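Below you'll find the structure, written out as structure tokens, and then a few comments.
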Amino acid sequence: MLEPVSQPECGLVAEVVSCDVFAGRSRKEIEELEVYAGNRRRKLGDFFSVSGSAADSPEETRIVIAGSVERTKWIGRGMSAGEIVVEGSTGMYTGAWMKGGRIVVKGSVDSFAGMMMDGGELVVQGDAGDYLGCAYRGEWRGMRGGSIVVHGNAGSEAGHCLSGGRVTVKGRAESFAGVRMHSGLLVLGSAERRVGAQMTGGSIVVLAETELLPSFELIERVTSPEIEGVRFEGVFEVYAGDLAERNAKGRVYVKVE
Amino acid sequence: MSLQAPERLEERVVVRDVGCTVCGCLCDDIELEIEGGRIVQVRHACAMGTAKFLHATGDSRLRHALIREDGSFRRAELQEALDRAAEILVDASRPLLFGWSETSCEALRVGIKIAEEIGGLIDNCSSICHSPSILALQSTGLPACTLGEVKNRADLVIYWGANPLASHPRHLSRYSTFPRGYFRERGKSDRTLVVVDVRRSETARIADRFIQVKPNSDYEVLTVLRMLVREIKVKAERTGGVSMEELKELAEMMKSCSFGVLFFGLGLASSSGKSWNVSAAIKLAADLNEHTKFAVLPMRGHCNVAGTNQVLGWQTGFPYAVDFSRGYAWYSPGETSVVDLLARGEVDAMLVIGADPGAHLPRKAVERMAEIPLIAIDISHTPTTMLADVVLPGAVVGLESAGTCYRMDDVPVHVRQVISPASEVPSDEWVLEQIYRRIRRLRG
């Protein structure tokens, strides 16, 4: 259990908050873990009061952050197993490069959540910032596996360069969701314009009407389709795209009834 | 060759081929007449360049260091102000060094050294102008060319979301449209000028063809153009307010020219769609290279904003928004870019040089600048120096100090020293080097 004591104004870089790092460490050792507040090297114990004990393996380790840590970045970076539950909201890069295990955020996550994710599960009960499940700057292949579920809304470019795995936004996604996507499944409650721009593969399901780009062509109408292994109830229009790209094999399913 | 201390000369001196360090055109054919150390006549420069040259030796220059005490400035000894600046930067846990677009690459090189030494952040003006273009060229590539190639070869010149007659007044006459080139002997008569914009700008009025798009629909228009160039059927009759006939004609013009160039401004890079608009423009140019030679270039604003990306690029691997807080270079626009950092309140000290963020950043970011210790290096008072705690005088690069600047097409131009600095410092590079030495001393 980590209870936030204070949050530095300049932001806290704490990729050590991960079941892989906590496993097999004593309470004292966890308090001593290195974090960065700007360019100052500090201890995790300076910002969180640590209680309980960690299990021997990451699989059995469960970390609870009892409060909001909006200024703490990189929680659960590269985590391979175990569970992190955050009672409030988190900062940028939550669950980036995650390989396994589960992160549940009861509040909202800032931008770049689930960046380059490879496996595991990220559940956000509030909203997500921009670049949910994106590729890192300069990379063109993004998230490759695992699952992200956001119960609220997401910012721009959700599923940017998605290359596998599943991203679900139950609320509304801002523009350019699924931009330059290559494979995988992106499910959106509703979406602002330019869904799937420059996509070359994979499927996007939009559960409400949306304004598609002129480079998407209606190919058929289907009822209760199974898309990437998931069944969706209702009638959907299926669009092929993005036809401005070479060899584009992407599909956008828009629910009409 | 520089002409030292001409103020000692009684007579009028004419200096030719002076570099103009105002906009990204970086014209290097300016003639100055100097009398008694003052510039009295400027030839060949546009209105913006003339104003800067006349201001440089005018009365409104910042000549001495200033330190804020109890809310107002007092004149300070240069040494004291340099000491204070170094202390501010060493004491900060997330210091930001911002600006650089109107100073030399040599000064920026010292700035990067300071950022690395103090574990700070370094960002430049492209963060708030062409950063979408940079993100696009990083993910898409850039079929670019130099302005010399445009002058000698281009027979189709397109300005998209740019109004160079106002922003880069000599761009058309010196590089793109009017000059006679090796293969374009008749100048304008050998070229077609097309402007795509949301309004009929000054440049649009002199264009052979003007295409008016609805605001924030550039991405759709570019997407349709890409499809037309590749002969993919488009079902829509109009896109972004433009008829399919007009777009088909434009696509045909692009395919049939012998050397085309698309210059894009912030109208494309900073309207809805941002980096993806630029990415679509780049992909359009790439597709066109299957039919003809086609290049795409951003209309960079300041005289050395392209140079900041070059120098940061070769020193740190990243073109802007670089964070050294953990000892190595980390780049993530959205996290490490100036507006995001200030608006989130992460930055706890800031140094500004060769830019005026106090006038140009969003209100929330400027409010943060007012809260934290701020050092400004500038040639005259600006909204930024008004918020500063320490103000250090600078020297105009290309007039009072020599240095390297990169033109908008990434061509480096050496600019000379022509007159002695109006302030008490020899160059911006020197000021930064003094701060760096003090930082080294403070950190032991």
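The values are calculated or read from the model by the stated rules, or taken from the named source; none is laboratory data. Only a predicted model underlies this, so the values are computations on that prediction, with no experimental measurement involved. Here Cβ is always computed from backbone atoms with ideal geometry, including for glycine, and neighbour counts include all displayed protein chains. Calculation scope for accessible area: heavy atoms of the full protein, side chains included, ligands and nucleic acids excluded. Shrake-Rupley method; radii C 1.70, N 1.55, O 1.52, S 1.80 Å.
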Set A:VAL17, A:VAL64, A:VAL35, A:VAL21: member being in a loop (DSSP other than H, G, I, E, B) and open to solvent by less than 60 Å² (accessible area, probe 1.4 Å): A:VAL17
Selection count, the range A:129-156, where residues are in contact with a helix residue (DSSP H, G or I) (Cβ under 9 Å, 6 or more places away or on another chain) and acidic (Asp, Glu): 1
Enumeration of residues in the range A:1-14 that are more than 12 Å from chain B (Cβ to nearest Cβ) and either open to solvent by less than 40 Å² (accessible area, probe 1.4 Å) or under 24 Å from the mean Cα position of the chain (by Cα) (or both): A:MET1, A:LEU2, A:GLU3, A:PRO4, A:ALA14
Selection count, the range A:100-153, where residues are away from chain B (no Cβ under 14 Å), under 10 Å from the mean Cα position of the chain (by Cα) and of a type in the set (Gly, Ala, Ser): 4
Yes/no for A:GLU29 being within 14 Å of chain B (Cβ to nearest Cβ) and of a type in the set (Asp, Glu): no
Residue within the range B:12-20 that is part of a loop (DSSP other than H, G, I, E, B) and touching a residue at least 60 places away in the same chain (Cβ under 8 Å) present: yes
Segments classed as helices (runs of 4 or more DSSP H), wholly inside the range B:234-352, with at least 1 members that are without any contact (Cβ under 8 Å) to a residue 60 or more places away in the chain and more than 9 Å from chain A (Cβ to nearest Cβ): B:244-256, B:274-288, B:305-316, B:338-343
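Output the number of residues of the range A:206-215 satisfying the condition of being within 12 Å of chain B (Cβ to nearest Cβ) and open to solvent by less than 30 Å² (accessible area, probe 1.4 Å).
Here the count works out to 2.
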Near pairs, Cβ below 7 angstrom, 6+ apart or cross-chain, from the range B:403-416 (farther than 13 Å from B:GLU149 by Cβ) to any residue that is of a type in the set (Lys, Arg) and open to solvent by 30 Å² or more (accessible area, probe 1.4 Å): B:VAL413/B:ARG407
Wholly enclosed strands (runs of 3 or more DSSP E) of the range B:383-430 bearing at least 2 residues buried (at least 22 other Cβ atoms within 10 Å of the Cβ): B:390-393, B:403-406
Count of the range A:216-257 residues which are open to solvent by less than 30 Å² (accessible area, probe 1.4 Å), within 22 Å of A:PHE176 (Cβ to Cβ) and not acidic (Asp, Glu): 11
Flag for B:SER101 being in a loop (DSSP other than H, G, I, E, B) and within 14 Å of chain A (Cβ to nearest Cβ): no
Among the residues listed as A:GLY178, A:GLY184, A:GLY171, the single one being within 21 Å of A:GLY95 (Cα to Cα), small (Gly, Ala, Ser) and in a loop (DSSP other than H, G, I, E, B): A:GLY178
Only listed residue being surrounded by fewer than 22 Cβ atoms within 10 Å (Cβ to Cβ) and in a loop (DSSP other than H, G, I, E, B), chosen from B:ARG75, B:ARG84, B:ARG63, B:ARG68: B:ARG63
Residue list for the range A:189-205, filter: closer than 13 Å to A:GLU174 by Cβ and away from chain B (no Cβ under 14 Å): A:GLY189, A:SER190, A:ALA191
Residue ranges of helices (runs of 4 or more DSSP H) in the range B:111-211 with at least 2 members closer than 30 Å to A:TYR131 by Cα and open to solvent by less than 10 Å² (accessible area, probe 1.4 Å): B:131-140
Subset of the range A:38-52 [within 14 Å of chain B (Cβ to nearest Cβ) and part of a strand (DSSP E or B)]: A:ARG40, A:ARG41, A:ARG42
